[in-house]
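Okay, structure first, notes after.
The values are calculated or read from the model by the stated rules, or taken from the named source; none is laboratory data. What you are looking at is a predicted structure, and each value in this text was computed from that prediction instead of being measured. Note that each Cβ is placed from the backbone with ideal geometry, even for glycine, and that neighbours are counted across all protein chains shown. All accessible areas refer to the heavy atoms of the entire protein, side chains included, with ligands and DNA or RNA removed. Shrake-Rupley method; radii C 1.70, N 1.55, O 1.52, S 1.80 Å.
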Amino acid sequence: MKHLLTTQGLSKDDAILLLDTSAQMAATQSRENKKLPTLRGRTVVNLFYEDSTRTRISFETAAKRLSADVINFSAKGSSVSKGESLKDTALTLHAMGADAVVVRHWASGAAHQLAHAGWLDAAVLNAGDGMHQHPTQALLDAFTIRRHLVGRVGDDGRGADASVGADLAGLRIAIVGDVLHSRVARSNVYLLHTLGAEVTLVAPPTLVPVGVETWPCRVSYHLDETLEQWQPDAVMMLRVQRERMSGGSGAFFPSPMEYSRKFGFDARRLAVLPDHAIVMHPGPMNRGLEISAAAADHPRSVIVEQVANGVAVRMAALYLLLSGDIASTNSSTSSTSTSTSSSTDERTAL
Amino acid sequence: MHPGSRMPESSTTPGSTSETPSDTPSTAPGTAAARTVLGEADIARALTRIAHEIVERNKGAADLVLLGIPTRGVQLAERLAERLAQIEPAFSGEFGTLDVTMYRDDLRRQPTRAVGQTVLPGSLDGTIDDKVVVLVDDVLFSGRTIRAALDALNDLGRPRVVQLAALVDRGHRELPIRADYVGKNLPTSRSERVRVRLADVDGGADAVVISGAPTDSAATDFAGENAAPENAAPENDADERSAR
Amino acid sequence: MSTPSTTTYVLRGVRPYGTDPVDVVLADGVVAAIGAPGTVEVPEGAHEVAAQAAAQDGDSSGLVLLPGLVDLHTHLREPGREDAETVFSGTRAAAAGGFTAVHAMANTTPTQDTAGVVEQVYRLGQEAGWVDVHPVGAVTVGLDGEKLAELGAMADSAARVRVFSDDGKCVHDPVLMRRALEYVKAFDGVVAQHAQEPRLTEGAQMNEGVVSAQIGLTGWPAVAEESIIARDVLLAEHVGSRLHVCHLSTAGSVEIIRWAKGRGIDVTAEVTPHHLVLTDELARDYDPVFKVNPPLRTAADVEAVRAGLADGTIDIVATDHAPHPVEDKGCEWSSAAFGMTGLETALSVVQQTMVDTGRMTWADVARVLSQNPARIGRIDATQGRPIAVGEPANLTLVDAGATRAIDGRTQVTASDNTPFGGMELPGRVVATFLRGRATVLDGAVVDTTSSQSNSWNNAALEGAGR
């Protein structure tokens, strides 16, 4: 894989490889010395057209933990906010010798264009493009779900992650909120489905896109019914942007109070879930709107852990995109036949 | 994350196995047939001897930590741990694994490798400080894997001593590294391929096998600690690559 | 308009409307003679046309003679965006595509909303001399949708405007639309509506449906087009006016037009070449060359507009030729301009989708690309005429047996943004004649024909004569 742009079309093998690599990266992050020499001499550019301090810091940390040089190229106060085109910025990064470009952009497809327009030859990692995709968010969500809900009983006490190699078969995940505008929802629907989980989207009909019927998931307009009757193993709350409700005749729901009553996650709804179920949120949260403080801070909330896992997942993505030699990553099928068995070997050996 | 980028089946490191399409001599000129140089019993005897040498050299098994280097080093470490536990009842029988992938010096020259797990024996409480670490690998070749292992170890803590056990030392070192415990020194040419087969990884019986392409040259390299590589460096590159 | 050519041409073995081969003689700006091959008296010194063209593939059976094509919907960009296209470059591209007349849309800068601006564009067309340029007048001042432009002044100007449109924007205010429909009746004008309900399409980037849901672009729902068309046909019926619907793109729109025509409403409809063949699946790679308004729709819509064109529900094919400079397309999809070029590929797309599939004859092509648009634009006294002796020699000769690879960079238009780049399309324009003068000959534009001072003088004279 040369780029990581979308979870749609990501193979199950690749998804599990990403999660397994994330697990190994996470293991190194509990050490005193968290830094690995792996990407020494490589340059990672964080190209952010949209403010997201959290995501940028997560990628920056990941790159630095792998010893890569990190250049932060933010739209604010730079030429990109003065009308410099995406193309010219890409040519600049190319001239600077960027090995990987982590791009966050308000326009859907910007990462795809950077990767495929021929402007630069760096690996492109999509850190969120418009309403389209945010693949590392979905991977860290899947990683968090796997850690909590798969294979914990098999923990051998030696610190090995017993969920390594596993998928999410049979798990039920509810994704609740503004699906229409959410790249997090789009990324998760495809990735979780690929990993074998069942997904139900829960939202008012105004926040479900026309055309959703081709997505590999169910859609419900009722949160309580979904929680009670479907009993999800994980509930993922999506951020509701305040501007979406204040559009007068264009508002997507009548009032924040009504939204909160019908789709907000709180302690009462948490109590309906199975005991093992976890609560997730990609952040930043609107406490009191889509999630109550009691639910967000509950022991079954894994929201803080999601942030920590984000670094490990982004380390894994950077490692897998940047460590191989280009020729073999792009073309090699020569060792395909041995590859699957080797990773199996690896696991059974441990 | 190309499927083809995962680890190959039979070897993990340039130092552990050599597989090359060759135009250079093999030990059996004119023939490409694989040759078994160690059988199941030979391997068992070698491991038992190494276990005794470890205990002897370290005057017991106190503070001893066995770390196998994936893939086959892990099985060998497990077998050594069993033997050590028999020789020294005080020894826990535990062993660990040390993945060196992220410390390798050839990451950009190879297809992407899957990262393996590093797991320390549970009794250590996550530290190797002041321990006697014995790294275990199947084949010692260029020494680059061990270099990476030493760096990886450095990030885990500060052992009192680090030693190296290898089932086979086939020579052709590229770094100033030597093994403390060797099952068998095997004179090889660079072009030959040395494979360690272990029942619990590969199926079948345990064996160490040498194979090489037919050739009209009869030169044999008695490779050992001091043997000079017979091939020039550029070919070495090809050698390492084809070993994948 | 421009002077009739003094050169006499003979077209040998060409097939009018795809029928049996004939020889055709063009002299003094008109069709001088038509007859079975070898039976026509050819004046001495006549320029043989078909011979060279046929020689290229050794077979003249594909040489189809059509009345010169008429585009009811062209963006020439001048004045204002001469970096994208000029009247000269755009009409030269039109000639290359087989056109002899184009209607230049009103969304220039300044807007074509006064007699002065439409006369400027008209004169630029005269000077260029490639095709007849008929400016379209804006319905509302500055295309703002708030106040009627001086429609009468534009109608009475030298440009004699008959088609009025805010194209690019919709005349969405129902009262304003009603007034416009009524007002243009006085001079037999027509309002050409860009049907796009603005509130339903705020921020819209592509067709709303399966693809937009997956790739995360804001949708442009079919209903935003269909609801305006439904309203407008009812308004036209109520006030007894003529309505033209620009670039309809959905199956629902075809149904509404079919219904309206069944009721006897005086409505005509157009479809673009790109909506006859391309679908929203092309947005998946985010290449803005496929960004257009109305957006590319689904395969079912493509089939519906083809059926509508074949059965006459849709009256014409119009290009919506919308050139843009590279920087307006080489950017994020959401930032990119809407539109694609079309003058040089329109005939080929119609041939591929309608003729080669057996759904239309070449006579039907002449109907939808020449006769009907000329009639709707009220220029049918000189354009869209039958191929007959004595008629103005506005003709297009196409080698239907040829195929060509499309490359935006080698097209005649000043912009590169063709959605057909890299594709092979059938048919090649061999020659185009504007009142007997060859603007395209042997497949290449005839640059020497444009003598600015001459055409200026003629334009001035003719303008004065009207």
Exercise. Taking only protein heavy atoms and a 1.4 Å probe, what accessible area per residue, in Å², does chain C have with all protein chains in place?
Worked result: 33 Å²
For this session: Quick one: dipole size for the stretch C:68-376, taken about the Cα centre, charges +1 on Lys/Arg Cβ and -1 on Asp/Glu Cβ, in debye to the nearest 20.
Result: 700 debye
Problem set entry | Gap separating the Cα centres of the stretch C:83-144 and the stretch B:141-159, nearest whole Å | 75 Å
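By average Cβ neighbour count within 10 Å, what is the ranking of A:175-186, C:320-331, A:89-100, A:59-70 from highest down? Walk me through the numbers before you get to the answer.
On the way: A:175-186: 25.5, C:320-331: 22.8, A:89-100: 17.8, A:59-70: 21.2.
For the peptides A:175-186, C:320-331, A:89-100, A:59-70, the packing ranking is A:175-186, C:320-331, A:59-70, A:89-100.
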Exercise. At residue B:130 and residue C:389, where each label point lies 7 Å from the Cα along Cα→Cβ, what is the point-to-point distance in nanometres?
Worked result: 11.9 nm
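With a 1.4 Å probe, how much accessible area is buried between chains A and C, both sides summed, in Å² to the nearest hundred?
Numbers: alone 15560 and 16290 Å², together 30190 Å².
Counting both chains, the buried surface is close to 1700 Å².
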Exercise. In whole Å, how far is the Cα centre of the stretch A:15-29 from that of the stretch C:149-219?
Worked result: 56 Å
For this session: Give me the distance in nm between label points sitting 7 Å out from Cα along the Cα-to-Cβ direction at residue A:13 and residue B:178, one decimal.
Result: 4.4 nm
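Which of the three applies to the stretch A:135-305, rounded, prolate or oblate, going by the alpha-carbon gyration tensor with a ≥ b ≥ c and a/c under 1.5 meaning rounded?
Working: a/c = 1.99, a/b = 1.58, b/c = 1.26.
Verdict is prolate for the stretch A:135-305.
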For this session: Over the stretch A:1-81, consider all pairs of different Cα atoms and compute the Kirkwood hydrodynamic radius from their mean reciprocal separation; express it in Å, one decimal.
Result: 14.6 Å
For this session: DSSP loop (so not H, G, I, E, B), at most 16 other Cβ within 10 Å: list which GluC sites (Glu not before Pro) in the stretch C:86-158 pass both filters.
Result: C:146, C:150
Exercise. What's the buried accessible area, both sides, between A and B using a 1.4 Å probe, rounded to 100 Å²?
Worked result: 3700 Å²
For this session: Among A:41, A:73, A:27, pick out the residue whose Cα is farthest towards the positive end of the charge dipole of the stretch A:24-74, where Lys and Arg carry +1 and Asp and Glu carry -1 on C-beta, about the Cα centre.
Result: A:27
Exercise. Share of antiparallel DSSP beta bridges in the protein assembly as shown, in percent to the nearest 5?
Worked result: 30 percent
Exercise. DSSP beta bridges in chain A, what fraction antiparallel, as a percent rounded to 5?
Worked result: 5 percent
Exercise. Between residue A:116 and residue B:86, what is the label-to-label distance in nm when each label sits 7 Å out along the Cα-to-Cβ direction?
Worked result: 6.1 nm
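For residue C:188 and residue C:147, what is the calculated FRET efficiency with R₀ set at 25 Å and r taken between the beta-carbons, to the nearest 0.05?
Values: r = 23 Å, r/R0 = 0.92.
The value I calculate is 0.60.
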Problem set entry | Residue-averaged 222 nm ellipticity for the protein assembly as shown, from DSSP H runs of 4+ at -39500 (n - 2.57), nearest 500 | -9000 deg cm²/dmol
Problem set entry | Which of C:323, C:345, C:149, positive extreme of dipole for the stretch C:68-376 (C-beta unit charges) | C:149
Seminar exercise, completed: Carbon plus sulfur, as percent of the 1.4 Å-probe accessible area of the protein assembly as shown, comes to 51 percent
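Given +1 on the Cβ of Lys and Arg, -1 on the Cβ of Asp and Glu, and no further charges, what dipole in debye does the protein assembly as shown carry about its Cα centre, rounded to the nearest 20?
Values: 97 positive and 132 negative charges, 380 e Å.
Result for the protein assembly as shown is approximately 1820 debye, rounded to the nearest 20.
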Exercise. In peptide A:104-117, how many Cβ atoms from other protein chains are near each Cβ within 10 Å, on average?
Worked result: 5
Problem set entry | Where A:150, C:139 fall by accessible area, highest first, once all protein chains stay in place (1.4 Å) | A:150, C:139
Problem set entry | Number of partner chain Cβ atoms within 10 Å, mean per residue of C:198-211 | 2
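Rounded, prolate or oblate: which fits chain A, taking a ≥ b ≥ c as square roots of the Cα gyration tensor eigenvalues, rounded meaning a/c under 1.5, else prolate when a/b beats b/c? Before the final figure, lay out the partial values.
Details: a/c = 1.78, a/b = 1.20, b/c = 1.48.
Since a/c reaches 1.5 but b/c is at least a/b, the shape of chain A is classed as oblate.
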Seminar exercise, completed: Gyration tensor on Cα atoms of the stretch C:68-376, a ≥ b ≥ c root eigenvalues, a/c under 1.5 rounded, else prolate if a/b beats b/c, else oblate, says rounded
For this session: Could you work out, residue by residue across B:197-204, how many beta carbons of other chains sit within 10 Å of that residue's beta carbon, and then give the average as an integer?
Result: 1
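Keeping every protein chain present and rolling a 1.4 Å probe, give me the accessible area per residue for the stretch A:135-305 in Å². Could the numbers behind the result be given before it?
Values: 6530 Å² over 171 residues.
Spelled out: the 1.4 Å probe surface of the stretch A:135-305, per residue, equals 38 Å².
Determine the percent antiparallel among the DSSP beta bridges restricted to the stretch C:68-376, to the nearest 5. Don't jump to the answer; show the numbers that get you there.
Details: 1 of 24 bridges.
Approximately 5 percent, going by the DSSP bridge assignments.
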For this session: Please list C:23-34, C:100-111 highest first by mean number of surrounding beta-carbon atoms within 10 Å per residue.
Result: C:100-111, C:23-34
Exercise. So for the stretch A:135-305, taking the charge dipole from beta-carbon charges (+1 Lys/Arg, -1 Asp/Glu), which of A:294, A:278, A:209 sits furthest toward the positive end?
Worked result: A:209
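Which order do the peptides C:217-225, C:158-166, C:88-96, C:403-411 come out in when sorted by mean C-beta neighbours inside 10 angstrom, highest first? Each step should come with its number before you reach the end.
Numbers: C:217-225: 22.8, C:158-166: 25.2, C:88-96: 26.9, C:403-411: 14.7.
Order by mean packing, descending: C:88-96, C:158-166, C:217-225, C:403-411.
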Exercise. Out of residues 5 or more away from residue C:439 or on other chains, whose amide H comes under 5 Å of its own, with H placed 1.01 Å from N in the peptide plane?
Worked result: C:432, C:433, C:434
Seminar exercise, completed: For the table A:2/A:35; A:34/B:131; A:2/A:64; A:34/B:59; C:185/C:261; B:59/B:184, the rows whose alpha-carbon distance is greater than 30 Å are A:34/B:59
For this session: For the stretch B:55-72 and the stretch C:283-327, compute the distance between their C-alpha centroids and round to whole Å.
Result: 73 Å
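Which value, in debye to the nearest 20, describes the size of the charge dipole of chain A about its Cα centre when Lys and Arg Cβ atoms bear +1, Asp and Glu Cβ atoms bear -1, and nothing else is charged? Each step should come with its number before you reach the end.
Details: 34 positive and 35 negative charges, 142 e Å.
Charge dipole of chain A: 680 debye, to the nearest 20.
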Problem set entry | Sites residue B:35 and residue A:31 - FRET efficiency at Förster radius 56 Å, r taken between beta-carbons, to 0.05 | 0.80
Problem set entry | Estimated FRET transfer efficiency (residue A:67, residue C:423; beta-carbon r; R0 45 Å; 0.05) | 0.40
